[in-house]
């Protein structure tokens, strides 16, 4: 941890699983930090080798128990004053990098969140409204652990920690191809249904239609997805599909998802 008269130190932590196509750009954007740590969940491609060749410290943990568990394992490896969590499909741009560096140099005890600039099918949706800030930068001594099945949430040592949102956005390569979207759809439908099952929520086709149509309208029209032609439509359409299937699966696959939620 920080010594007197020393600048606070930063680790950027990245979780990976078979990300050989994207891990290089993610790690390269993080190399301004004092340390980059990759925790791999059992990749069978070249993810670990690429990350290590770029200077990242690479660890493996193949006993998958959910995103929160894996992020807590990554947190246990952090010894610097601050930690920023980066996903393998995200890239830190120059302006955001400067903001992160300034936040770390300030020595403040806060939670810094960041909004996404979505990159869909090769096109930056620059003027599309972000869905909200994701908490990413923490003072290490204040962050206790993460909890939750999906979109895991940080648990802090104090409830009085101020949240600050960075002005510049994080590039999020969330939907690079239709095939990738379909794979992600399956994963997040499962996790989202399990999360709702654990909260005692009900599903069904009609509820799924209402949720899917509602989120599509919010993203495509009010979120300005219509400005980006086919790429904007596909992005919003897949988000709506995920919402639809989440509630449908919650109804028709209830035994399976209740089992997942009981493990989380």
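Listed by position, the strands (runs of 3 or more DSSP E) inside the stretch 1-65 whose residues that are over 19 Å from the mean Cα position of the chain (by Cα) number at least 1 are 35-40, 57-60.
Residues that are without any contact (Cβ under 8 Å) to a residue 24 or more places away in the chain and outside any strand (DSSP E or B): does the stretch 163-177 have at least one? No, that holds for no residue. Looking only at residues of the stretch 91-121 that are assigned to a strand (DSSP E or B) and closer than 25 Å to residue 141 by Cβ, we find that the one that is farthest from the chain's Cα centre (by Cα) is 110.
Only one entry in 137, 191 is surrounded by 19 or more Cβ atoms within 10 Å (Cβ to Cβ) and over 30 Å from residue 253 (Cα atoms), namely 137. Out of curiosity, is residue 65 in contact with a helix residue (DSSP H, G or I) (Cβ under 9 Å, 6 or more places away or on another chain) and either in contact (Cβ under 8 Å) with a residue 40 or more places away in the chain or over 23 Å from residue 176 (Cβ atoms) (or both)? When the stated conditions are applied, residue 65 passes them. With respect to the conditions (1) in contact (Cβ under 8 Å) with a residue 40 or more places away in the chain; (2) more than 16 Å from the chain's Cα centre (by Cα), residue 217 lacks only one, and its number is (1). May I ask you to verify whether residue 229 is modelled with pLDDT of 95 or more and either under 23 Å from residue 67 (Cα atoms) or not in a strand (DSSP E or B) (or both)? For residue 229, the condition - modelled with pLDDT of 95 or more and either under 23 Å from residue 67 (Cα atoms) or not in a strand (DSSP E or B) (or both) - is met. When every residue of the stretch 66-82 is checked against the conditions, at least one turns out to be part of a strand (DSSP E or B) and buried (at least 20 other Cβ atoms within 10 Å of the Cβ).
Scanning the stretch 101-109 turns up no residue that is within 27 Å of residue 190 (Cα to Cα) and touching a residue at least 40 places away in the same chain (Cβ under 8 Å).
Taken across the stretch 143-152, residues that are buried (at least 20 other Cβ atoms within 10 Å of the Cβ) and over 23 Å from residue 10 (Cβ atoms) do occur, with at least one present. Which numbered condition in (1) farther than 18 Å from residue 152 by Cα; (2) touching a helix residue (DSSP H, G or I) at 6+ places or on another chain (Cβ under 9 Å); (3) surrounded by fewer than 21 Cβ atoms within 10 Å (Cβ to Cβ); (4) without any contact (Cβ under 8 Å) to a residue 40 or more places away in the chain is the only one that residue 49 fails? Unmet condition: (2). Number of residues in the stretch 205-221 that are more than 14 Å from residue 246 (Cβ to Cβ) and surrounded by fewer than 21 Cβ atoms within 10 Å (Cβ to Cβ) equals 3.
For (1) at pLDDT 95 or above; (2) assigned by TED's automatic domain parsing to the domain that holds residue 139; (3) more than 17 Å from residue 91 (Cα to Cα), each residue gets a yes or a no:
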| site | (1), (2), (3) |
| --- | --- |
| 2 | no, no, yes |
| 5 | no, no, yes |
| 15 | yes, yes, no |
| 21 | no, yes, no |
| 26 | yes, yes, no |
| 31 | yes, yes, no |
| 35 | yes, yes, no |
| 38 | yes, yes, no |
| 43 | yes, yes, yes |
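Scoring residue 224 on the criteria (1) surrounded by fewer than 17 Cβ atoms within 10 Å (Cβ to Cβ); (2) within 23 Å of the chain's Cα centre (by Cα); (3) on the phi < 0 side of the Ramachandran plot leaves a single failure, condition (3).
The values are calculated or read from the model by the stated rules, or taken from the named source; none is laboratory data. The model shown is predicted, which means the values in this text are computed figures rather than measured ones. With ideal geometry, Cβ positions are generated from the backbone for all residues, glycine too; neighbour counts draw on all protein chains shown.
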